[in-house]
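**Q** Okay, here's the structure, questions in a sec.
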Amino acid sequence: MVQSLYKKALLNERNTNELIYFLESQDEYDSSSFFLGYYGSAFALKAKYAVSPIKKYTYSKKADYFLDTSIEMDPGNLDSRFLRFTLNAHLPGFLKDQNELIQDSDKFFQLIELNAEKELTKFQKWMITEISKIKKGMIPD
């Protein structure tokens, strides 16, 4: 459910607000690495849609905090690694954390390999495609 809401949130601010409301309605949203990752990504999208530079900055800081917290709680959280990678990848150059970009991409693909015996979900295949597209234009091999 949350993954489909996230993909819809990529389209517009109204859908982003729906993602936030959904996450905040979950009892464990603030104690679950999985939910915190998506909560952080929702604030990254709020920053994208905001007009005010102050709001952009405020939402970006919240996004960074929640995504970092999510990964600290569970370094093996595939979704949070993907979400933080894509957040960093879309930041202006002077705000990008190159170390996190490389670390998240490497860990993401390590986690995929560790679970190679399991069939990938449709969402996991989409995440791989998105990271691969970003890496082609950003991170030298």
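**Q** Only one of TYR38, TYR29, TYR21 is of a type outside the set (Gly, Ala, Ser) and not in a helix (DSSP H, G or I); which?
**A** Only one candidate qualifies: TYR29.
**Q** Residue by residue through region 109-125, note down the ones that are touching a residue at least 24 places away in the same chain (Cβ under 8 Å) and under 22 Å from LYS8 (Cβ atoms). Step through it out loud before you land on a result.
**A** Of region 109-125, the ones touching a residue at least 24 places away in the same chain (Cβ under 8 Å) are 111-112, 123-124.
PHE123, GLN124, listed by residue number.
**Q** Could you tell me which residue of region 8-28 is surrounded by the fewest Cβ atoms within 10 Å (Cβ to Cβ), considering only residues that are aliphatic (A, V, I, L, M) and either closer than 17 Å to ALA47 by Cα or touching a strand residue (DSSP E or B) at 6+ places or on another chain (Cβ under 8 Å) (or both)?
**A** Only one residue fits best here, namely LEU11.
**Q** Further, regarding this structure: In region 42-65, how many are touching a helix residue (DSSP H, G or I) at 6+ places or on another chain (Cβ under 6 Å) and either within 22 Å of LYS122 (Cβ to Cβ) or assigned to a helix (DSSP H, G or I) (or both)?
**A** Qualifying residue count for the region: 12.
**Q** Of all residues in region 47-97, which are aromatic (Phe, Trp, Tyr) and closer than 21 Å to ILE131 by Cα? Write out each step before concluding.
**A** The first filter runs over region 47-97 and keeps only residues aromatic (Phe, Trp, Tyr), leaving 49, 57, 59, 65-66, 82, 85, 94.
Within region 47-97, PHE66, PHE82, PHE85, PHE94 meet the criteria.
**Q** Hey, any hits in region 15-26 for a residue that's among the hydroxyl-bearing types (Ser, Thr, Tyr), more than 17 Å from ASN77 (Cβ to Cβ) and free of Cβ contacts under 8 Å to residues at least 12 places away in the same chain?
**A** Yes - at least one qualifying residue is present in region 15-26.
**Q** Could you list all residues from region 88-126 that are touching a Leu at 6+ places or on another chain (Cβ under 9 Å), within 15 Å of ILE71 (Cβ to Cβ) and either exposed (fewer than 13 other Cβ atoms within 10 Å of the Cβ) or of a type outside the set (Asp, Glu) (or both)?
**A** Of everything in region 88-126, those that are touching a Leu at 6+ places or on another chain (Cβ under 9 Å), within 15 Å of ILE71 (Cβ to Cβ) and either exposed (fewer than 13 other Cβ atoms within 10 Å of the Cβ) or of a type outside the set (Asp, Glu) (or both) turn out to be ASN88, LYS107, PHE108, LEU111.
**Q** If you don't mind, there's one more thing I want to ask. What single numbered condition from (1) surrounded by fewer than 13 Cβ atoms within 10 Å (Cβ to Cβ); (2) under 20 Å from LYS96 (Cβ atoms) fails to hold for LYS48?
**A** Unmet for LYS48, out of (1) surrounded by fewer than 13 Cβ atoms within 10 Å (Cβ to Cβ); (2) under 20 Å from LYS96 (Cβ atoms): (1).
**Q** If I ask for residues that are free of Cβ contacts under 8 Å to residues at least 40 places away in the same chain and in a helix (DSSP H, G or I), which ones from region 66-92 would you list?
**A** PHE66, LEU67, ASP68, THR69, SER70, ILE71, GLU72, ARG81, ASN88 - these are the residues of region 66-92 that are free of Cβ contacts under 8 Å to residues at least 40 places away in the same chain and in a helix (DSSP H, G or I).
**Q** Inside region 93-134, can you point out the residues that are closer than 26 Å to MET1 by Cα, of a type in the set (D, E, K, R) and outside any helix (DSSP H, G or I)?
**A** GLU117, LYS118, GLU119
None of the figures in this text is laboratory data; all of them are computed from the coordinates on show. Since the structure is predicted, the reported quantities are computational estimates derived from the model, not experimental observations. Here the Cβ is made from the backbone with ideal geometry for all residues, glycine too, and neighbour counts use every protein chain on show.
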